[in-house]
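See structure below.
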Amino acid sequence: MKGARMPAAARVRTQFERPVVTVEHVWVPMSDGTRLSARIWLPADAVREPVPAILEYIPYRKGDGTVLRDAQMHPYFAGHGYAAVRVDLRGSGDSEGVLRDEYLTQEHDDALEVLAWLERQPWCSGRAGIIGKSWGGFNGLQIAARRPPQLAAVISVCSTDDRYTDDVHYLGGAVLAAKMLPWAATMLGFNALPPDPAVVGEAWRAMWQQRLEGSPPFAEEWLAHQRRDEYWKHGSVRTDYSAISCPVYAVGGWADAYSNAIPRLLAGLAGPRKGLIGPWGHQYPHSGIPGPAIGFLQECLRWWDHWLKGADTGIMAEPMLRAWLQGWTGPDDDRSFQPGRWVAEPSWPMPDMPREYRLGAGELTDDPGPDRRLPVPGGAEAGLSAGDWCPAAAGPGDLPADQRDADAESLCFDSRPLAEPVDLLGFTAAVLRVASSGPSGNLIVRLCDVAPDNSSLLITRGVLNLCHAGGHQSPAALRPGQWQEVTVTLNAIAAQIPAGHRLRLAVSAGYWPWVWPPAQPVTLALLAGGRSRLILPVRGPRAGDASLPPFGQPEVAPSAHLAEIAASPTLRSVRRDAATGAVEVVRSSREVTRLPGSGLVKKRERTETCTLRPGDPLSAAVRTASSHELARDGWQVRIETSSAMTADATSFHLMSKVEAFEGQARVYSRTRETAIPRDHC
């Protein structure tokens, strides 16, 4: 990769303290008669010497979805004296029932029953922990808020405490165009797949039909709630941190979309908690990219041993937060290694005073001069170099590219070259006085590191739908031409800005394809001068940073014999129509997974297309198409889906189509079209 260091491969550990046995399939009964499917890894002597249980509880199909990842992690825990339990959510994988949405009360109720079931097993000591990434990180926190008596600790990776502000649906009150429909379409395909007949037997067809008929397109519900109402507060532990009493280890990466929750959790939770933020994308840290990856499974064991076994591992004597302070690297969207160093804070928030810059005539300064009305460019193409909203890898287009093209589409304010390096850790805020020519408008704020060669590296960014300036619960139309002071909080970050580099604050009114445009063209103005300012979380030197204990090298359990995965890199292209001016961003991927043990072959293809004609916000459109196929020994099923999201001046329009095939015969077809009124979005 260009200018990159490849991460070191994880060491495969084959010898463990206790031999491991795998129970491929166990039914976990629910009180309503539904059965959830589990795979369990146990120490061979666990019935004689019961052990704590570690639960991962997600919808991503343990039989053919996360099978490789599961095999790397869960036997590792079992070999160190734990019962590792991987459960498919109701309506997913090999579990019975229907999955109707994310994080429903039913999901949490089922989890409480799973934990109670674990406590009753002869191989379980009665204590349990929950680990999960993304969905499993979310519901780990949500389940902890229900305070099940068996739950002794949680490790939540790449998750959020606020489903409205920090998830796939909305950014600062604006629709997250690049992810809302594509993620809903992903789940539409997953939820339409059948269970494995080799696991559930002849019931597979009836279970499949129930899923096809019962699982809705999730985007319909998400768009029906365009403000932060009770729908989003459910499952957002930020509404009441005091509900969580068990210890929480919150983990994430700066390249991931979910790092904001970690400092908030550290500040908000009252019980034992720790935070870890590396340079990674949406991955577990032992396989994290950009690197360096770390020995995360060893770190997990230190946490589990302390809270589930009462062993003195020293983990709670260490600083509350460990974070990778990112060093400068050229703005390369295709890198696998992020320079930097580990830093630590004993508590959060950190004690340092923030540094403020005022906004002058195109500069960040201490002396801004008189107020100046400055036009904010529409920036329709400012998001083309944004990278993926939630990258799991670091291939072309996953990470932000050089921001010079985006900066040219923005109103920019530059500092003078820094006399010495500046370290940032935490949330940056921009306090701006703005006005819109119409009743709405989006404000996008980026902070960049401009090198002496004028290359522009994105540090962090934030979005605000100006109708939500008074809060996400009660948006209101703007008064055209009226100035208002707004605060845009940018994503949390840790970075060092080298001496000789400049800080750049870039402001635009558009960020396609990330942010859905307002219903009508508007122009924004910014009042630079004494009241508009940039607030930076500057971190002073810490003597203890140099003596932090290193993390171990990545280790995993053997898994190579379980799956053969051939995946083409995600391809990203930007096309411009010379006749209409339309910009089209296309992402496509293809993957084939072969499972030698079960004889199953899984194929998946996917395309996402985001289209916009600059100056015409009603031309915005997002479309997806996907194909999922499962096959084994003459048995073959296929799911074809297509989804679309468009809007007119008053409504969003959703279309979803699902077709199911057994062999070459189409056995199910459904098309849904829905119009949802726009609510200040």
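The values are calculated or read from the model by the stated rules, or taken from the named source; none is laboratory data. This is a predicted model, so every value here is computed, not measured. Using ideal geometry, Cβ is built from the backbone for each residue, glycine included, and neighbour counts are taken over all protein chains shown. Just the protein is used for accessible areas: all its heavy atoms, side chains included, with ligands, DNA and RNA removed. Shrake-Rupley method; radii C 1.70, N 1.55, O 1.52, S 1.80 Å.
Full extension of the chain between residue 588 and residue 47 yields a length gain of 190.0 nm, computed as 0.36 nm times the residue separation minus the alpha carbon distance. Within a straight-line Cα-Cα reach of under 28 Å, residue 233 can be paired with the following lysines, leaving aside sequence neighbours fewer than 8 residues apart in one chain: 133, 179, 274. To the nearest 10, the accessible area of residue 274 is 10 Å² with a 1.4 Å probe.
Rg/Rh, computed from the Cα trace of region 601-668 with Rh as the Kirkwood radius, has the value 1.17. Mean projected area of the convex hull spanned by the Cα atoms of region 339-486, taken over all viewing directions: 11.7 nm².
Using the Karplus relation 6.51 cos²θ - 1.76 cosθ + 1.60 with θ = phi - 60°, the per-residue 3J(HN,Hα) values for region 439-452 come to x, 8, x, 10, 10, 10, 10, 10, 10, 10, 9, 9, 7, x Hz, with x marking Gly and Pro. Rounded to the nearest 0.05, the FRET efficiency derived from the C-beta distance between residue 576 and residue 605 at R0 = 25 Å is 0.50. Would you mind getting me the FRET efficiency between residue 664 and residue 311? Use the beta-carbon distance for r and R0 = 60 Å, nearest 0.05. Once rounded, the FRET efficiency stands at 0.55.
Taking every C-alpha pair closer than 8 Å and separated by at least 6 residues, the mean separation divided by the residue count of region 53-156 gives a relative contact order of 29 percent.
Here is the P(r) of region 221-344: all C-alpha pair distances, binned every 10 Å from 0, give 12, 35, 32, 18, 3 in whole percents. The value of relative contact order for region 497-595, using C-alpha pairs under 8 Å at least six residues apart, is 20 percent. Shape class for region 260-301, computed from the alpha carbon gyration tensor (a ≥ b ≥ c): oblate, with a/c not under 1.5 and a/b at or below b/c.
Normalise the Debye intensity by I(0) for region 292-421, one equal point scatterer per Cα, no solvent, then take log10 at q = 0.10, 0.11, 0.18 Å⁻¹ and round to two decimals. Debye intensities relative to I(0), on a log10 scale: -0.59, -0.70, -1.21.
Here the alpha carbons of region 470-605 define both size measures, Rg and Dmax, at 24.8, 68 Å. Rg and Dmax over the alpha-carbon atoms of the chain stand at 24.9, 78 Å. Rounded, prolate or oblate for region 514-571? Axes are the square roots of the Cα gyration tensor eigenvalues, ordered a ≥ b ≥ c, and the cut-off for rounded is a/c under 1.5. Oblate shape, in that a/c is at least 1.5 and b/c is the bigger or equal ratio. Computed over the alpha-carbon atoms, region 151-269 gives an Rg to Rh ratio of 1.05, Rh here being the Kirkwood radius from the mean inverse distance.
Evaluate the Kirkwood expression for the hydrodynamic radius of region 54-110, namely the inverse of the mean inverse distance over all pairs of different C-alpha atoms, and round to one decimal in Å. The partial results should precede the final answer.
On the way: mean 1/r = 0.0829 Å⁻¹.
Answer for region 54-110: a Kirkwood hydrodynamic radius of 12.1 Å.
Of the chymotrypsin sites (Phe, Trp or Tyr not before Pro) found in region 413-512, the ones in coil according to DSSP and having at most 16 other Cβ atoms within 10 Å of their Cβ are 483.
Report note on the peptides 365-372, 208-215, 166-173: ranked by the mean count of other C-beta atoms within 10 Å, highest first, their order is 166-173, 208-215, 365-372. Model label points for residue 320 and residue 649, set 7 angstrom from Cα along the Cα-to-Cβ axis, are 5.2 nm apart. Database remark: amide H of residue 582 closer than 5 angstrom to the amide H of 577 (H placed geometrically; neighbours at sequence offset of 5 or more, or on other chains; Pro and chain starts carry no H).
What Kirkwood radius, in Å to one decimal, follows from the Cα pairs of region 455-545? Value: 16.3 Å, from the Cα pair sum. Per residue, the average separation of C-alpha pairs within less than 8 Å and at least 6 apart gives the chain a relative contact order of 13 percent. When the convex hull of its Cα atoms is viewed from all sides, region 231-283 shows a mean projected area of 3.9 nm².
For region 121-200, what number results from the quotient of the Cα radius of gyration and 2.2 N^0.38 Å?
Working: Rg = 16.7 Å, N = 80, 2.2 N^0.38 = 11.6 Å.
With N residues counted in region 121-200, Rg over 2.2 N^0.38 Å equals 1.44.
For residue 274, the amide hydrogen comes within under 5 Å of the amide hydrogens of 248, 249, 250, counting only partners 5 or more places away or on other chains and with H modelled in the peptide plane. Shown here: region 520-663, whose C-alpha atoms stretch 72, 59, 29 Å along the first, second and third principal axes, sorted largest to smallest.
Considering only DSSP beta bridges with both partners in region 1-145, what is the antiparallel share in %, to the nearest 5?
Details: 12 of 22 bridges.
So the antiparallel bridges in region 1-145 amount to around 55 percent.
Provide the net charge surrounding residue 450, with neighbours chosen by a C-beta distance below 13 Å and charges set as Lys +1, Arg +1, Asp -1, Glu -1. Each step should come with its number before you reach the end.
Working: positive: 404, 416, 446, 502, 504; negative: 363, 402, 407, 414, 449, 453.
Charge balance in the 13 Å sphere: -1.
Evaluated at q = 0.17 Å⁻¹, a Debye calculation over the C-alpha positions of region 189-241 (equal weights, vacuum) places log10 I(q)/I(0) at -0.69. Each helix, a run of at least 4 DSSP H residues, gives -39500 (n - 2.57); summed and divided by the residues of the chain, these come to -4500 deg cm²/dmol at 222 nm. Once the Cα-Cα distance is subtracted from the 0.36 nm per residue extended length, the residue 116 to residue 103 segment shows a gain of 2.8 nm.
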